[in-house]
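Student: So that we are looking at the same thing, I have put the structure below in structure tokens.
The values are calculated or read from the model by the stated rules, or taken from the named source; none is laboratory data. Computed from a prediction, not measured in an experiment: that's the story for all the values here. When we count neighbours, we look across all protein chains shown, and the Cβ atoms used for this are built from the backbone with ideal geometry, even at glycine.
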Amino acid sequence: MSEKNVTFIPAREQFITQGTSAPKLRKIRVAAYARVSTDTEEQANSYEAQVDYYTNHIQNNPQWEYVNVYADQDRTGTSTKGREGFNRMVEDAIGGRIDLILVKSVSRFARNTVDTLETVRKLKECGIEVLFEKENIRTLDSKGEVLLTILSSLAQDESRNISENVTWGIRKRFADGKLIIPYEHFLGYKKGKDGTPEIVPREAETVRRIYKCFLEGHSLKGIDTMLTREGVETPCGGENWHANTVTSILQNEKYCGSALLQKTYTVDFLTKKKAVNNGAVFRGKQPSSNYLKGNISDGAGRV
């Protein structure tokens, strides 16, 4: 067996002459994404904490270049529609401004498996990595997508459970004859001490007047012009009345002392799409004369 010939190549010394500098490595351009789904005080604090944390975290790393902290407040994670911060971040990343995106967890990024995987793959094609810190998942890692698929499915299922629980609670209130009333836009009533509606005399007079004028033959345009001219406050607190506002009051069955519940229902918890309930979901007419103590008008709409 013949001996192998080994050629030894000595290392070369490199010198930097005066007036030259070593080549600089480009810093990694890093951004972060933060999201909270409600505008409650607790969630607002979480929102601010996420933004502050990532701003400091990125800026304090000498190997990173801070790009931005994209954020969405009071936005659900079940869909990317309406999430301006998220969509702007994806556009900037694909446009070549971002190399790495930091996210607290998979559920903060999205609660929709399809949206999560489609977005991650789109970014991956452009060489952009997403780091989910809580789960320690890197999307450019070969195992990252498998773990991401599992965890995003769990996040989506959690949203489904929350949606079903909320729906059950609302329908239970309906079954008990309890109304869900948007008091801030419901002229004539306010929420009483015991949680039931309480008449606001000054506003109630406006409602009675609208019914009276309509029964006397006044047009919707004529009624809204009259109320605007007199400076009467609208249900939203404004001064300019419109025909559709008058119509909504005339068609609101709660002023007649009864309420038809479950008029609409949510078709899909992911898209939040609503549909008119034509029998797909149980709908019952719940008399509310005991709940609406002291009706503004009688059943026929007369004062």
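Student: I'm trying to understand the selection: among the residues of region 231-251, which are under 17 Å from residue 211 (Cβ atoms) and over 31 Å from the mean Cα position of the chain (by Cα)?
Tutor: 232, 250
Student: Checking the structure you have, find out if any residue of region 136-144 is at pLDDT 70 or above, assigned to a strand (DSSP E or B), surrounded by 21 or more Cβ atoms within 10 Å (Cβ to Cβ) and more than 21 Å from the chain's Cα centre (by Cα).
Tutor: Checked against the condition, which is being at pLDDT 70 or above, assigned to a strand (DSSP E or B), surrounded by 21 or more Cβ atoms within 10 Å (Cβ to Cβ) and more than 21 Å from the chain's Cα centre (by Cα), region 136-144 yields at least one hit.
Student: Determine, yes or no, whether residue 100 is assigned by TED's automatic domain parsing to the domain that holds residue 36 and under 18 Å from residue 64 (Cα atoms).
Tutor: yes
Student: Which ones in region 183-207 are part of a helix (DSSP H, G or I) and either modelled with pLDDT under 85 or farther than 15 Å from residue 235 by Cβ (or both)?
Tutor: Across region 183-207, the qualifying residues are 183, 184, 185, 201.
Student: Restricting attention to region 80-110, and to residues there that are in contact with an Asp or Glu (Cβ under 7 Å, 6 or more places away or on another chain), in a loop (DSSP other than H, G, I, E, B) and farther than 13 Å from residue 29 by Cα, which single residue is modelled with the lowest pLDDT?
Tutor: The qualifying residue modelled with the lowest pLDDT is 80.
Student: List every residue pair whose Cβ atoms sit under 6 Å apart, with the two residues 6 or more apart in sequence or on different chains, where the first one lies in region 200-220 and is within 14 Å of residue 190 (Cβ to Cβ) and the second, anywhere, is surrounded by fewer than 18 Cβ atoms within 10 Å (Cβ to Cβ) and among the charged types (D, E, K, R).
Tutor: 200/190
Student: Hey, can you tell me all the residues within region 199-223 that are loosely packed, with under 15 Cβ neighbours inside 10 Å and touching a Gly at 6+ places or on another chain (Cβ under 8 Å)?
Tutor: 215
Student: Moving to a separate point now. Which ones in region 224-255 are in a helix (DSSP H, G or I), closer than 18 Å to residue 185 by Cβ and not small (Gly, Ala, Ser)?
Tutor: Those that are in a helix (DSSP H, G or I), closer than 18 Å to residue 185 by Cβ and not small (Gly, Ala, Ser): 224, 227, 228, 244, 245, 246, 247, 249, 250, 253, 254, 255.
Student: In region 69-77, is there at least one residue being more than 24 Å from residue 273 (Cα to Cα) and at pLDDT 90 or above?
Tutor: yes
Student: Determine the pairs where a residue that is in contact (Cβ under 8 Å) with a residue 40 or more places away in the chain, located within region 113-132, has a partner that is among the hydroxyl-bearing types (Ser, Thr, Tyr) and assigned to a helix (DSSP H, G or I) with Cβ atoms under 8 Å apart, the partner being 6 or more residues away or on another chain.
Tutor: Every condition considered, the pairs that remain are 113/149; 113/152; 113/153.
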